[in-house]
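The values are calculated or read from the model by the stated rules, or taken from the named source; none is laboratory data. Model, not experiment: these values are computed from the prediction. With ideal geometry, Cβ positions are generated from the backbone for all residues, glycine too; neighbour counts draw on all protein chains shown.
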Amino acid sequence: MKDRERGIFRKYLERRGLKLTAERQAVFDELFARHEHFEADELLVRLRTKHKKISRATIYRTLELLVDSGIVGRVRIREAGYRYERLRAGEHHDHLICNECGRVLEFFEPKIENLQDEVCERYGFLPLSHSHQMRGICRQCRPRRGRPAARERATATGSAQREPRRPVVH
Ligand SMILES: [Zn+2]
Ligand SMILES: [Zn+2]
């Protein structure tokens, strides 16, 4: 599948008068080596350990190009931080993002997918893509926080006021 994506990326670059340089190729290879959610600086460290001479600016620029070409997706984890992942054509998943440790969990829920289609239909809207992200505290981080236990008891009785939900970041 990697060859297909490489072809897409090369064509995308050609249309913009750009070339698949050794640096761009290195970023592509690192991202497509396995399915993970990488931060740009992680890619920088990995490439440097492989003795690739590459600047942080080049990595950021290449990531922008990869996202724009549609073969790499990104998940917002902080105000100014993203994680990047390779995308497989025809495959789709959404994300749960932990505010404490930054862990990114993937999920696929047919009911949510169908509901989104229904909403689009209602508005006469042709959906091309979507990204659904929920922010919260992951299972590993919840015990460390202390507070959630009290909140759980409160919601179990159904009487407690719920904290306002944070808006979903798209
Ligand atoms: Zn966590
Ligand atoms: Zn993902």
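Results, tabulated for the structure shown:
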quantity: Tabulated pairs, region 66-81, first within 14 Å of Gln25 (Cα to Cα) and free of Cβ contacts under 8 Å to residues at least 40 places away in the same chain, second within 15 Å of ligand 2 (Cβ to nearest atom) and polar (S, T, N, Q), C-beta under 9 angstrom, 6+ apart or interchain; calculated: none
quantity: Residue count, region 7-20 (criterion: in a helix (DSSP H, G or I) and free of Cβ contacts under 8 Å to residues at least 24 places away in the same chain); calculated: 5
quantity: Residue within region 60-75 that is in a strand (DSSP E or B) and either within 16 Å of ligand 1 (Cβ to nearest atom) or more than 30 Å from Ile112 (Cβ to Cβ) (or both) present; calculated: yes
quantity: Region 102-121, residues that are more than 13 Å from the chain's Cα centre (by Cα) and within 25 Å of Arg34 (Cβ to Cβ); calculated: Phe108, Glu109
quantity: Residue count for region 104-153, restricted to those that are at pLDDT 95 or above and closer than 20 Å to Leu87 by Cα; calculated: 0
quantity: Residues (within 16 Å of Ala57 (Cα to Cα) and not in a helix (DSSP H, G or I)) located in region 21-37; calculated: Thr21
quantity: Residues (away from ligand 1 (no atom under 16 Å from the Cβ), hydrophobic (A, V, I, L, M, F, W, C) and under 13 Å from the mean Cα position of the chain (by Cα)) located in region 82-101; calculated: Leu87
quantity: Conditions (1) in contact (Cβ under 8 Å) with a residue 12 or more places away in the chain; (2) among the basic types (Lys, Arg); (3) loosely packed, with under 15 Cβ neighbours inside 10 Å; number of the one not met by Arg24; calculated: (3)
quantity: Candidates Leu47, Leu115, filtered to the one that is on the phi < 0 side of the Ramachandran plot, part of a helix (DSSP H, G or I) and surrounded by 15 or more Cβ atoms within 10 Å (Cβ to Cβ); calculated: Leu47
quantity: Looking only at region 90-112, and only at residues there that are in contact with a His (Cβ under 8 Å, 6 or more places away or on another chain) and of a type in the set (Asp, Glu), the one that is farthest from Arg74 (Cα to Cα); calculated: Glu106
